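These notes concern the structure reproduced below.
The values are calculated or read from the model by the stated rules, or taken from the named source; none is laboratory data. The structure displayed is predicted, hence computed values, not measured ones. Using ideal geometry, Cβ is built from the backbone for each residue, glycine included, and neighbour counts are taken over all protein chains shown.
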Amino acid sequence: MRISAATGRILGRLGGAARFAAVVAFTFLGLLAITFFIGRVVPIDPVLSVVGDRATNEVYEAARKAMGLDRPLVVQFFAYVWDVLTGDLGQSISTGRPVVQDLIRVFPATLEMATIGILIGVLLGVPMGVTAATRQGSFSDQIIRVLGLLGYSVPAFWLGLVGLAVFYAGLGWVAGPGRIDFFYDGMVDPVTGLYLVDSLIAGETEIFWNAVSHLLLPSFILGFFSLAYIARMTRSFMLDQLSQEYVTTARVKGVPEWKVVWRHAFYPIRIQLITVIGLSYASLLEGSVMIETVFSWPGIGNYLTTALLNADMNAVLGATLVIGAVFIFINKMSDVLYRILDPRAR
Amino acid sequence: MTRPLLEIENLTVTFPTAQGPIEVVRNVSFTLGRERLGIVGESGSGKSMTGRSILKLIRPPGRVTADRMVFDGIDLAAQSDRQMRHLRGARISMIMQDPKFSLNPVMTVGAQIGEALQTHRPMARSELQARVLAMLEAVRIDGPERVAGLYPHQISGGMGQRVMIAMMLIPEPDLLIADEPTSALDVSVQAQVLDIIEELVSGKGMGLILISHDLNLVARYCDRILVMNSGEVVEECVASELANATHPYTRGLLAAMPRMNEDREELPVLDRSSWATGAGT
């Protein structure tokens, strides 16, 4: 009996994992369908952008055939899915290289900045939100609320420019735009594409600190925006929790106030916070075009914008696909965390 | 019993509102030995607020004042937050109304009960576990090992309330306040839960304050009864003498109770003009 119950549980787990994989696969297929049809619907002629607008009809038709655009749409779609699955996103017109290679270069730049940004947002934003909620109406609550409001209303590019003017040009505390000083460029092998990691792998501490100094300002600015959002949400979740009966129960038991706040009120909201943090992280990974432009950051936001302006559809679709995949990934990850943290969702 | 367990004199609880301060409890006085005191009254009569102010759980902007508020020789009004924390749970405890809301949804039942004891008496995990299981058995829960690992959403309301009792009694307090402990429960399990409270309370010689809107129930489980209305005590009597209550409000409440062997078309409506409380007008 015991053994069969255990096997049953394992089978249940496997079934759950299989269902999970199927859901992810289907979502991804949906994403491919959307990017594919966007590529067909937008009034950009991919043939024209390859052959130029002075090509003769014969050249145009030949190119169209070569690109496979004369086949039925469904066939084209499956060919597209196949290409994506085999890692072929086509050639970028503006860089002249395979889009996959471009993405491998630009995505880590955004990933690095966004990850530091979200860490700042979570590590500062959550405690700030909790503090604000436990001391509602106090001076610190007011300050945190004003910060939250600023994060909501100040334009990113303005903050970026002011930050550069003050901390780079004025005080010289941080390095200027770009991911790294140009004379360090290409000195370490791109293993992960994350400069912080690559420089450590290569044992180049000097380059590491240079990369840190470049990363500091833009990721702090990104971090500020997610901090403002996370702190605001944490505050309102906590206010809701602190008025719950079981928080009073904990006080009746004589539990110290810090434990009442963190164990009894904060534990339950971790679940809601995961959604907030996940969304916030995803939106950072999408690439903040403003910040990337101001800081000349060769990230995915910059890449996508340039590709759009050049009608470089392969690059646009490739970047969109990456952003979509990131969203799917983060959503599924928060689902999994949800299930781990919330006994009611198991 | 030389000195009473709890002495309350002129307890007043005030909340500021846009229309000026409102006294939700007004000049309530009573003393309690190691006995069972019932506080009855309708919703908003201030009975829960009385219970919570003994534990100093009224948070600002609410304000509690009293001429005297002494528990076992300790002046409650003079206690700091820290000192109150050592009293709460350990000496004075409170059973809350609805286990659906008053148990932490993301902590196991065992962890919540254990925390109540661990807070006041740090002990080894294995000993704590044994104490929790023994306590669950004391509140007549079958399979305590299994139940200790469950979450509140996995147990019934009656069981939840027994868990609540276990949690509040495990540090062996001297005074238990039970704030409507059965109003959220099915009628069928109400008596069961109250029997457990009664058995444990009298077994340990504790004081009990049972707050309820149910006159019958309070008369059955308590030695003495306070009747509250609009924040004031309108009647104080021995439970067996309840039928001879004199105050019109108490008489009105008694008259409004349906009885088994009679057939009334309509129960009488409480006539509030027959007594003057000066409140709520």
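Might you let me know whether the stretch A:206-218 holds any residue that is touching a residue at least 40 places away in the same chain (Cβ under 8 Å), assigned to a helix (DSSP H, G or I) and facing chain B (nearest Cβ under 10 Å)? No; the residues of the stretch A:206-218 include none that is touching a residue at least 40 places away in the same chain (Cβ under 8 Å), assigned to a helix (DSSP H, G or I) and facing chain B (nearest Cβ under 10 Å). Checking A:ALA132, A:ALA62 one by one, the residue that is over 19 Å from A:THR35 (Cα atoms), in contact (Cβ under 8 Å) with a residue 12 or more places away in the chain and not hydroxyl-bearing (Ser, Thr, Tyr) is A:ALA132 and no other.
Scanning the stretch B:82-91 for residues that are within 7 Å of chain A (Cβ to nearest Cβ) and among the basic types (Lys, Arg), we see that the one that is surrounded by the most Cβ atoms within 10 Å (Cβ to Cβ) is B:ARG88.
Residue by residue, here is whether (1) within 14 Å of chain A (Cβ to nearest Cβ); (2) surrounded by fewer than 21 Cβ atoms within 10 Å (Cβ to Cβ) holds:
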site: B:SER93; (1), (2): yes, no
site: B:ASP98; (1), (2): yes, yes
site: B:PRO105; (1), (2): yes, yes
site: B:ILE113; (1), (2): yes, no
site: B:ARG121; (1), (2): yes, yes
site: B:GLN129; (1), (2): no, yes
site: B:VAL132; (1), (2): yes, no
site: B:ALA138; (1), (2): no, yes
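May I ask you to verify whether B:LEU194 is touching a Pro at 6+ places or on another chain (Cβ under 9 Å) and in a loop (DSSP other than H, G, I, E, B)? No, not satisfied. Can you tell me which residue in the stretch A:293-302 is surrounded by the most Cβ atoms within 10 Å (Cβ to Cβ), limited to those that are assigned to a helix (DSSP H, G or I) and in contact with a Ser or Thr (Cβ under 9 Å, 6 or more places away or on another chain)? Checked the stretch A:293-302; the qualifying residue surrounded by the most Cβ atoms within 10 Å (Cβ to Cβ) is A:ILE300. B:GLN19 - would you say it is among the polar types (S, T, N, Q), within 14 Å of chain A (Cβ to nearest Cβ), over 30 Å from B:VAL189 (Cα atoms) and surrounded by fewer than 17 Cβ atoms within 10 Å (Cβ to Cβ)? Against the criterion (among the polar types (S, T, N, Q), within 14 Å of chain A (Cβ to nearest Cβ), over 30 Å from B:VAL189 (Cα atoms) and surrounded by fewer than 17 Cβ atoms within 10 Å (Cβ to Cβ)), B:GLN19 does not qualify.
Here A:VAL41 does not fit the description of being under 30 Å from the mean Cα position of the chain (by Cα), surrounded by 14 or more Cβ atoms within 10 Å (Cβ to Cβ) and β-branched (Val, Ile, Thr). Looking across the stretch B:147-191, not a single residue is on the phi > 0 side of the Ramachandran plot and among the basic types (Lys, Arg). Considered as a group, the residues in the stretch B:24-73 that are within 18 Å of B:ALA90 (Cα to Cα) and either of a type in the set (Val, Ile, Thr) or touching a His at 6+ places or on another chain (Cβ under 8 Å) (or both) include one that is farthest from the other protein chains (Cβ to nearest Cβ), and that residue is B:VAL70. Among the candidates A:ALA311, A:ALA307, the residue that is touching a helix residue (DSSP H, G or I) at 6+ places or on another chain (Cβ under 9 Å), in a loop (DSSP other than H, G, I, E, B) and not acidic (Asp, Glu) is uniquely A:ALA311.
The residues on offer are A:TRP173, A:TRP158, and the sole one that is out of contact with any His (no Cβ under 7 Å at 6 or more places or on another chain) and closer than 18 Å to A:LEU216 by Cβ is A:TRP173. Residues in the stretch B:58-72 that are modelled with pLDDT of 85 or more and not hydroxyl-bearing (Ser, Thr, Tyr): B:ILE58, B:GLY62, B:ARG63, B:VAL64, B:ALA66, B:ASP67, B:ARG68, B:MET69, B:VAL70, B:PHE71, B:ASP72. Number of residues in the stretch A:253-262 that are in contact (Cβ under 8 Å) with a residue 12 or more places away in the chain and within 18 Å of B:MET164 (Cα to Cα) equals 1. For A:LEU284, the criteria (1) free of Cβ contacts under 8 Å to residues at least 24 places away in the same chain; (2) under 19 Å from A:GLU112 (Cβ atoms) hold in every case but one, which is (1). Examine the stretch A:219-229 for a residue that is in contact with a helix residue (DSSP H, G or I) (Cβ under 9 Å, 6 or more places away or on another chain), within 14 Å of chain B (Cβ to nearest Cβ), assigned to a helix (DSSP H, G or I) and at pLDDT 90 or above, and state whether such a residue exists. The answer is no; no qualifying residue exists. Determine if the stretch A:68-80 includes at least one residue that is surrounded by 20 or more Cβ atoms within 10 Å (Cβ to Cβ), outside the structural domain of A:ASN314 (by TED's automatic domain parsing) and either touching a residue at least 24 places away in the same chain (Cβ under 8 Å) or acidic (Asp, Glu) (or both). Yes, the stretch A:68-80 contains at least one residue that is surrounded by 20 or more Cβ atoms within 10 Å (Cβ to Cβ), outside the structural domain of A:ASN314 (by TED's automatic domain parsing) and either touching a residue at least 24 places away in the same chain (Cβ under 8 Å) or acidic (Asp, Glu) (or both). Mind listing just one residue for me: the one in the stretch B:140-191 that is surrounded by fewer than 23 Cβ atoms within 10 Å (Cβ to Cβ), β-branched (Val, Ile, Thr) and not in a helix (DSSP H, G or I) and, of those, farthest from the other protein chains (Cβ to nearest Cβ)? Filtering first and then ranking leaves B:ILE141. Scanning the stretch A:265-308 for residues that are within 14 Å of chain B (Cβ to nearest Cβ) and either closer than 19 Å to A:LEU164 by Cβ or among the small types (Gly, Ala, Ser) (or both) returns a single hit, A:ALA265. Considering A:THR249, A:THR192, the condition of being β-branched (Val, Ile, Thr), out of contact with any Leu (no Cβ under 6 Å at 6 or more places or on another chain) and within 12 Å of chain B (Cβ to nearest Cβ) is satisfied by A:THR249 alone. State all residues of the stretch B:35-78 that are surrounded by 17 or more Cβ atoms within 10 Å (Cβ to Cβ) and farther than 29 Å from A:TYR246 by Cβ; if no residue qualifies, say none. B:GLU35, B:VAL70, listed by residue number. Reported count of residues in the stretch B:232-261, each being in a strand (DSSP E or B) and within 26 Å of B:GLU23 (Cα to Cα), is 6. Please indicate, with yes or no, whether at least one residue in the stretch A:253-264 is assigned to a helix (DSSP H, G or I) and either away from chain B (no Cβ under 14 Å) or among the acidic types (Asp, Glu) (or both). Yes, the conditions are met somewhere in the stretch A:253-264.
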